[in-house]
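Read through the structure below, which is laid out as structure tokens, and then see the notes.
The values are calculated or read from the model by the stated rules, or taken from the named source; none is laboratory data. Quick caveat, the model's predicted, so the values are computed rather than measured. Here the Cβ positions follow ideal geometry from the backbone for every residue, glycine too, while neighbour counts run over all protein chains shown.
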Amino acid sequence: MQTVTVYEELFSNQAAGMENIIANYREIFSELSNVHTLRTVAPGLSMEDTILEEYRLSIPNVNLNYMVGTSFNGQSNTIVAWFNNQAFHTVPLTVNLINNAILRQLMIILQRISFILNFVLSFPDQSQILPTESRSQTNHYLSHFQRR
């Protein structure tokens, strides 16, 4: 199973620096091609449209495989970080990826930035779902792990 990152390029008088940052961002993922897929938002669609369509096709697939995304807007010279809040590590991960792309632009050939890969830990076999009751007497479920 490969994770997927979606990125969006909003072209319109794209600054040269932004083009280089986008190229650096793509390069980061090319180094991870055996465990990760980088997808570009299709022309005419927005990031929101793309992710909502993926959710329509398979909610579990998006929740498990789509962790981070980025929108590059050369006209306003902004970068928007997108993250899936199903995993706690996605906020720092998406910011780190953008920072690495920017730093590679600033450092050019002088230095290479390496980064740490984060692989998802599988749930132990002993995990089970136990119901708990809330104040409103509705059932909520929390994951409970037993140690043996």
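Here are a few things to note about the model shown:
- A search for C-beta distances below 7 Å between a residue of the range 70-94 that is under 20 Å from A42 (Cα atoms) and any residue that is charged (D, E, K, R) and assigned to a loop (DSSP other than H, G, I, E, B), counting only pairs 6+ apart in sequence or on different chains, returns nothing.
- Among residues of the range 46-97, those that are under 20 Å from I22 (Cα atoms), under 11 Å from the mean Cα position of the chain (by Cα), among the β-branched types (V, I, T) and assigned to a helix (DSSP H, G or I), counted: 4
- Among the residues of the range 70-106, not one is on the phi > 0 side of the Ramachandran plot and of a type in the set (D, E, K, R).
- The range 27-44, residues that are aliphatic (A, V, I, L, M), surrounded by 13 or more Cβ atoms within 10 Å (Cβ to Cβ) and either assigned to a helix (DSSP H, G or I) or without any contact (Cβ under 8 Å) to a residue 12 or more places away in the chain (or both): I28
- Filtered residues of the range 1-29 (kept if small (G, A, S) and at pLDDT 85 or above): A23
- Number of positions in the range 54-76 that are surrounded by 12 or more Cβ atoms within 10 Å (Cβ to Cβ) and at pLDDT 85 or above: 15
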